[in-house]
Structure formats: C-alpha cells, structure tokens
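FYI, it's all coordinate maths here, none of it is from the lab. The model shown is predicted, which means the values in this text are computed figures rather than measured ones. Reconstructed Cβ throughout: ideal geometry from the backbone, glycine too, with neighbour counts over all protein chains shown.
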Amino acid sequence: MSDDSRSSGEGGGVERPRPQYGEYATAEEQRARIQRPEVTEALDAGVAPQPQPQAAPVAEAPAGFVAPATRGARVDRIVTFGLLFYGLFSVVTTIVQLLNFPEYAERGAQMLGVTATFTNLSAGYVWGAAAALVYGVGWLLTAVFTWRRLRRGRVAFWIPLVGSVATALIAGICVTMALVGDATFMSAILDSVPN
C-alpha cells in the first residue's frame, strides 16, 4: 500500500485515497486542526501534536462593571459624564430660579422686552415647584438609565440628551400652566407680539 492510500479494513485490502479534508479524521484530530493551524502541519508531517499550554488565569473585574475596551468606548464615557455634569449644573440653577416663580416669569418677560408683573402668586409657586420637581426627578432618572447602560458597556451619550429634552418638555408644560393662569401677565406678553 502506498503512502497516499489507506486500507478500509473491510474485506480484503480495498484501497481508498487518503482523505484531504478530514473525512476520516478522528474527533480529536478534527478539534485539534480547527483550533490550531500548527497542529495541522504536525499531523501532515506525521508528528504527534504537542498539548497547548494553559493560559494564566486573568484577574476578574468587579461584578457588573464592563471596562471600556476601545477608544470609542472611552470617548463615549467622557462625553456622557460631561453631559450629565452639565445637566446637573443646569438643573440645580433652574430649580433655584423656579422656586421663586414670580421673579422667574418677570425675568423671562424682560428678556422678551416686555415690562410685566406676575400677579398669580399661588399658582406660580405651585407650578414652579412642580416644574422644579420635574427637573430634579428627570435628571435622576436620566442618570440611573445612563449608569445602567454604561455598566453593560453600551453607547450611552444619547441618554442625557433625550432625558434633557423629555424633562424640559414636561417642565415647560408646568411653567406654561402657571403663566396662562395670570391673564394680565399673558396679555402684556401677547400685546408685545407684532401682528
């Protein structure tokens, strides 16, 4: 029998060609060739493959934390935390202003070039406090969702952006309710709008 053929072992030396693609390889030989190309070379040369050395155990990161693996992940974290800190600063300053709603409304009118006095104080303080609460809770929810996404190793910069827009819309409804409640103040603002 030549080197390029094998006997099938079935009834009297019937020769068949040597397998080229592993048809007759044992399961061990197939696994070895798939995992390590140098084993293929060793088996083709007729040498028994050497066992692969075991890798040293890797120290595990704290549970639930995924370290940024790429430059893009690091940039995402920096941008995300920057947006969160900017949002925190904005929320705190806005809450302070909203808790004194009459002054907040009058300052807004001055920015429009209108001199008007906010007179519906009770509604102003209630709706101003509601808007301040919306800003505070909105920032906290945004921070929680952002942190969860970062812990999973996913892109998270968009969460502070979406959170700020959603919070501003809801708080804007509260501010509008307070402003509409003062007919004199609103008429002064509407009279200043050119026709």
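Quick one: net charge around Arg154, please, counting Lys, Arg +1 and Asp, Glu -1 for every other residue with C-beta under 12 Å from its C-beta. Kindly include the intermediate steps, with their values, before the conclusion.
On the way: positive: Arg77, Arg148, Arg149, Arg151, Arg152; negative: Asp76.
Overall, the nearby charge balance is +4.
With the crude spin-label approximation of a point 7 Å out along Cα→Cβ, what separation in nm comes out for Leu133 versus Glu29?
7.6
Roughly how many Å is it from the Cα centre of region 80-133 to that of region 148-178, as a whole number?
18
Of the peptides 158-167, 113-122, how do they stack up when ordered by the mean number of other Cβ atoms within 10 Å, highest first?
158-167, 113-122
Magnitude of the Cβ-charge dipole of region 70-195, K/R +1 and D/E -1, about the Cα centre, nearest 20 debye?
The calculated dipole for region 70-195 is roughly 1180 debye.
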